[in-house]
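Let me give you the structure first, and then I'll get to my questions.
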Amino acid sequence: MSKNIARLAVTAGLTAALSFGGVMAPVTMAFAAGTPTVATEKGKVAITDETYTGTTFKGIQIFTAKVTQDQKGDGSWDGSAAKTLSDIQWAQGNVKTLVTTALKDVTGAPDEDADAQTWAEFISKAQGSIFGEATAVDTGTTLDLIAKALERDGNLTWTTPSDSTKGSFKDLDHGYWLFVTDTPSTTSGANGNTDAYTSPIFTIVGGSDVNVAPKKDVPNVTKAVKDDKDGKFVTDDSKNVFTAANKAADSAAEQLVEYQLAGTVASNINTYVKYSYAFTDNLPSTMVPNLDGNKPVVEVKINDSVVDPTCYSATYVPGESTNALTVSFENLKEAKDKTGNPITVDGSSTVYVNYKAKLVAGKINADMLGKAQVNNVKLTYSNNPHTNGTGTTVDHPAYDYTYGIDVTKVGNDEDETGKLKTLEGVQFTLQEKDSNEFIKADGTTTTDKDGAILTTSNEGKINVVGLDEGTYILKEVTPAPGYNNSASNGVTFTIARNALKQDGTEVIPDINSANVTAAAGVVKADSAVASTGKLSFTIVDKKGSGLPLTGLNGVTFTWIAGGAVLCIGVAHLIRSRKQAEESEQE
């Protein structure tokens with residue numbers, strides 16, 4: 001009798017240690033709180049995931065057993081009471097062979113032919129204290145070895161859900177069961193997040209219904225850009241990059257802008273032996289990351305620890321359709337810091353990638369001014385503890401903008417159509433206020449003034465792209481022939497935007513802040529206009545004027561008269577010489 005009670009206590013311990021992979025309720029041999037009753041009706045298990053409603057699960061029985069649990073006075077099961085297993089036997093099929101083979105090298109493992117009760121006691125003891133309803137099964141533990149062996153065998157017949165709810169199981173035989181993910185689903189949308197496989201769920205079927213949530217967590221990723229206006233990756237200092245990432249910034253051509261990628265890891269990462277993890281950041285074709293040769297310059301951190309570059313791969317593949325920067329870990333769990341010390345990676349860890357990128361001057365055109373240049377990041381991660389399966393997150397964007405000007409140069413006289421005449425060949429320089437550098441038409445800068453001359457086209461236009469928010473001075477250095485230089489002292493204007501929206505909305509400069517100012521009459525009245533990404537205005541030069549001239553007719557007559565006298569004198573000289581020659585001959 002005492003031996004049976006001892007075995008019953010061990011069995012109760014097994015119940016406590018293995019339910020859901022952990023403790024369901026304190027185990028006691030006192031039954032005063034209710035009436036211990038052997039369950040007779042078939043068991044039910046419901047696995048519920050409110051986000052990934054399309055994910056399906058499957059289950060397999062490991063041990064059959066009689067299940068005893070307390071009932072309340074009204075005959076209902078007391079769900080808070082522990083379940084007790086007795087008369088434990090191996091389930092049908094190949095389960096026994098797979099389990100005993102998987103555990104044969106664990107210290108203290110029974111003989112393969114030992115009875116099911118002995119093996120159940122060993123599993124309970126060998127699992128130790130690594131369990132809990134809120135604790136995922138650790139890799140390499142007894143329960144993990146069992147789950148891995150059963151999941152990887154392709155000849156087992158698994159029990160599938162009873163209806164379309166994907167995780168609802170009915171009419172189950174009593175005993176000890178394992179439930180795992182069968183087919184993961186994705187969130188809505190073409191690029192939805194891929195669900196992660198649950199850590200193994202071990203539970204006792206029989207008595208009260210089993211209701212459980214999957215033991216897993218899908219990693220999340222986000223992307224932030226540091227706006228040079230306030231120099232922050234977040235829009236709210238009281239929040240983190242996942243809840244308040246700054247998604248928008250603006251920049252000049254060739255200006256390096258700072259980006260940050262941030263990703264979480266699965267809460268059940270301890271279930272994985274190997275955890276692959278990769279950021280893929282697709283830049284627009286107009287951008288390129290900061291490079292050292294062909295390799296992107298990145299800093300990778302896990303929480304506050306800078307990761308040794310030998311622990312990950314950083315690559316950049318340029319292209320028009322694919323312009324991707326990738327940072328990948330073959331096994332994130334093996335990451336080390338720069339001094340070679342292992343970095344602890346658990347369910348609370350965050351992985352960061354910091355890098356810089358710029359808008360390429362030669363790829364900026366007038367059509368993209370004020371329009372978001374979209375960078376998209378996605379995360380690829382291990383999603384099955386017992387296979388090499390991976391999942392991906394949805395794309396998370398960040399936006400960069402650039403601006404330009406459209407200036408028209410006219411004279412104050414009219415052409416044949418009655419409009420102010422446009423002036424070709426007028427030369428200007430453009431500088432940002434308080435800068436000693438000159439800005440070229442493509443937005444790049446130089447200290448060489450002659451190398452940055454802006455010349456009006458045959459339509460009287462100069463266009464400059466790739467400008468950042470700021471105040472600028474446009475000076476006329478060479479006017480059109482016959483016109484005066486009205487803007488030699490410069491036209492000052494400001495490209496200003498209000499707070500950038502976080503959704504990629506087009507940006508129109510603030511015309512009220514443009515402050516297009518110059519000497520009186522230099523800028524045509526009401527010509528300043530703001531459109532998408534661009535500020536336009538017209539500069540007027542006055543036509544040159546002549547001074548009054550006098551005496552031109554008298555001077556002309558004098559020249560004519562003098563010429564006539566000269567001609568007469570020459571003719572008279574020639575005739576006199578001829579007459580003299582004739583006289584000598586006579």
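No lab work stands behind these numbers, since they all come straight from the coordinates. Predicted model, so just to flag it, every value in this text is computed and none were measured. When we count neighbours, we look across all protein chains shown, and the Cβ atoms used for this are built from the backbone with ideal geometry, even at glycine.
When DSSP beta bridges are limited to those with both residues in the chain, what percentage is antiparallel, rounded to the nearest 5?
Rounded to the nearest five, the antiparallel share is 90 percent.
Efficiency by 1/(1 + (r/R0)^6): what FRET value for T101 and K356, r their Cβ-Cβ distance, R0 = 35 Å, to the nearest 0.05?
Taking R0 as 35 Å, the efficiency between T101 and K356 is 0.05.
With θ taken as phi - 60° and the coefficients 6.51, -1.76 and 1.60, list the Karplus ³J(HN,Hα) couplings across segment 60-77 in order, rounded to whole Hz; mark glycine and proline as x.
Here the 3J(HN,Hα) series is 9, 7, 9, 10, 8, 5, 7, 10, 10, 8, 5, 10, 7, x, 8, x, 7, 6 Hz.
Sticking with this one: Return the distance in nm (one decimal) between the two label points of a simple spin-label model at D87 and L291, each offset 7 Å from Cα along Cα→Cβ.
Between D87 and L291, the label points sit 7.4 nm apart.
Taking the Cα centre of the chain as the origin and placing charges on Cβ (Lys, Arg +1; Asp, Glu -1), which of N498, I62, T387 is farthest toward the positive end of the dipole?
The residue sitting most towards the positive pole is I62.
Another question about this same structure. Quick check: pseudo-label points 7 Å beyond the Cα along Cα→Cβ at D510 and K72, how many nm apart are they?
6.3 nm
With the contact rule set at Cα under 8 Å and sequence spacing of 6 or more, what percent relative contact order holds for the chain?
Over the chain, the number comes to 11 percent.
Related question: Note down the magnitude of the dipole of segment 169-290 about its Cα centre, charges +1 on Lys and Arg C-beta and -1 on Asp and Glu C-beta and zero elsewhere, to the nearest 20 debye.
So the magnitude is around 180 debye.
Moving to a separate point now. Taking 41 Å as R0, compute the FRET efficiency from the Cβ-Cβ separation of D308 and S531 and round it to 0.05.
The value I calculate is 0.25.
Continuing with the same structure: Taking mean projected area of the Cα convex hull in nm² as the quantity of interest, determine which of (i) 50.8; (ii) 60.5; (iii) 30.2 was computed from the displayed structure.
Computed from these coordinates, mean projected area of the Cα convex hull in nm² corresponds to label (i).
Straight-line reach from K433: which aspartates and glutamates fall under 14 Å, measuring Cα to Cα and dropping same-chain residues less than 8 apart?
The reachable aspartates and glutamates, counting only those whose Cα sits under 14 Å from K433, are D468, E469.
Same structure again: Of Y197, L145, L283, which is farthest along the charge dipole of the chain in the positive direction, counting Lys and Arg as +1 and Asp and Glu as -1 at C-beta?
L145
Taking 7 Å along the Cα-to-C-beta vector as the label spot, tell me the D503-D171 distance in nanometres, rounded to one decimal.
Going by the 7 Å Cα→Cβ label model, 5.0 nm.
Still on this structure, please answer the following. Along the charge dipole of segment 278-419, pointing to its positive end and built from +1/-1 on Cβ of Lys, Arg, Asp and Glu, which listed residue (G362, P342, H396) has its Cα farthest out?
Of the options given, the answer is P342.
Report the full-extension gain for the segment D236 to T447: residue separation times 0.36 nm, less the Cα-Cα distance, to one decimal in nm. Show your work: numbers first, answer last.
Numbers: separation 211, 0.36 × 211 = 75.96 nm, distance 3.86 nm.
The D236-T447 span can extend by a further 72.1 nm.
Additional query: Once the piece of chain linking E299 and D434 is laid out straight, how much longer is it, given 0.36 nm per residue of separation minus the C-alpha distance between them?
Taking 0.36 nm per residue and subtracting the Cα distance, the gain is 45.3 nm.
Additional query: Quick one: angle between helix 142-152 and the longest Cα principal axis of the chain, in degrees between 0 and 90, rounded to 10, please.
Relative to the chain, helix 142-152 is tipped by roughly 70 degrees.
Using θ = phi - 60° and the Karplus relation 6.51 cos²θ - 1.76 cosθ + 1.60, list the HN-Hα couplings for segment 106-116 in order, rounded to whole Hz, with x at every Gly or Pro.
6, 4, x, 5, x, 5, 3, 8, 4, 6, 4
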